[in-house]
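Reading through the structure tokens given below for one structure.
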Amino acid sequence: MFELIFLGTSASAPSVSRNLSAAMVLYRNYRFLIDCGEGTQRQLLKSGLGFRRLNKILLTHGHLDHILGLGGLISTFARWETISEVEIYGGRWALQRVQLLMKVVFMDEVPPISIIYRELEPGVIMEDEHFVLKAFPVIHRGPDCLGFSFEEKPRRPFLVDKAEALGVPAGPERRRLVQGESITLPDGRVIHPDDVLGPPVPGAKLVFVGDAAAVHNLVDVCYKADALVIEATYLEPEKDLAKQHGHLTAAQAARLALEAEVRHLYLTHISRRYSAKEVLAEAKAIFPNTTVANDFDRINVKKATAFV
């Protein structure tokens, strides 16, 4: 299960109720901050998440409403000395802009915190025994725009009834079987993992897209996602304006969710020109299982037993 917390859901400029783009994904011992618009560090404090272990930052692209908060956040890290190292992942252009921002923050001084810039290409960013994090290309204004998919690895459930029928005792023997090892029982019988494990069960899948100008290239990567987060800056009556500025309408996002057979659609990057009710109405007419995200919304992304 992934936990997703929205920290900023406004488009381009903050509003009274919405801060600029930022979100946090929690998974086991990992904490990933996705984008860091101006004011994000206050949102982190207000949400109760704080700064502890916040050492991995993923950037969807290099526009200022998605990165400007890094100046204050990294400066705070450096002053408080609570984090010794932070990794910032993004496309080349985004990282170049962040490096310029850090020069403004620290001038000619050597930062008291280690800042590691990880230039990304589409593909696997990191992987462990439980999940894989991937980057994929997104079409928007400017180069090297990315989205991110968080996917739990399939697991084979342990079939207790079969284990008991075979006389496998509870304890380390069962744990070894789950880990893929064969065991030998006291009577000499060898029990293999296939004897007590069921077929693989897919894990949860969360797909996060920042700003985007098109969706035709996102269907495959979003397929069967349990949660899709994507922008909805405009409504259909202004679709030409959306195209001009490299953004999506709520209807475009909803059509992507429908085609990709996702379970739940979360819309963010909401413009002050519309009410959340208007955005939701346009999307729900196409894809009913839609939510317009608000700052500080918390969502548990679990694997569905069936898709709607």
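The values are calculated or read from the model by the stated rules, or taken from the named source; none is laboratory data. Since the structure is predicted, the reported quantities are computational estimates derived from the model, not experimental observations. Cβ placement follows ideal geometry from the backbone for every residue including glycine, while neighbour counts extend to all protein chains displayed.
Below are the figures for this structure:
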| item | result |
| --- | --- |
| Subset of region 295-308 [out of contact with any strand residue (DSSP E or B) (no Cβ under 7 Å at 6 or more places or on another chain) and over 27 Å from His130 (Cβ atoms)] | none |
| The listed residue being small (Gly, Ala, Ser), in contact (Cβ under 8 Å) with a residue 12 or more places away in the chain and in contact with a helix residue (DSSP H, G or I) (Cβ under 8 Å, 6 or more places away or on another chain), out of Gly91, Gly62, Gly50 | Gly62 |
| Residue match in region 70-78 (condition: within 19 Å of the chain's Cα centre (by Cα), of a type outside the set (A, V, I, L, M, F, W, C) and modelled with pLDDT of 95 or more) | no |
| Subset of region 37-65 that is touching a Cys at 6+ places or on another chain (Cβ under 7 Å) and not hydroxyl-bearing (Ser, Thr, Tyr) - its residue that is farthest from Ser10 (Cα to Cα) | Ile57 |
| Single unsatisfied condition, Pro186 versus (1) under 21 Å from the mean Cα position of the chain (by Cα); (2) at negative phi; (3) assigned to a loop (DSSP other than H, G, I, E, B) | (1) |
| Scan of region 195-218 for residues that are among the β-branched types (Val, Ile, Thr) and either free of Cβ contacts under 8 Å to residues at least 12 places away in the same chain or exposed (fewer than 14 other Cβ atoms within 10 Å of the Cβ) (or both), ordered by number | Val201 |
| Lone unmet requirement of (1) without any contact (Cβ under 8 Å) to a residue 60 or more places away in the chain; (2) surrounded by 12 or more Cβ atoms within 10 Å (Cβ to Cβ); (3) not polar (S, T, N, Q) for Pro112 | (2) |
| Residue match in region 169-179 (condition: among the hydrophobic types (A, V, I, L, M, F, W, C) and either within 26 Å of the chain's Cα centre (by Cα) or closer than 26 Å to Ala232 by Cβ (or both)) | no |
| Neighbours by Cβ (under 6 Å, 6+ apart or cross-chain): first from region 224-237, surrounded by 24 or more Cβ atoms within 10 Å (Cβ to Cβ); second of a type in the set (Asp, Glu) | Glu231/Asp211 |
| Segments classed as strands (runs of 3 or more DSSP E), wholly inside region 98-149, with at least 3 members that are at pLDDT below 95 | none |
| Sole residue being in contact with an Asp or Glu (Cβ under 8 Å, 6 or more places away or on another chain) and either among the polar types (S, T, N, Q) or at negative phi (or both), chosen from His264, His269 | His264 |
| Options Gly8, Gly50: the member that is surrounded by 20 or more Cβ atoms within 10 Å (Cβ to Cβ) and farther than 22 Å from Glu119 by Cβ | Gly8 |
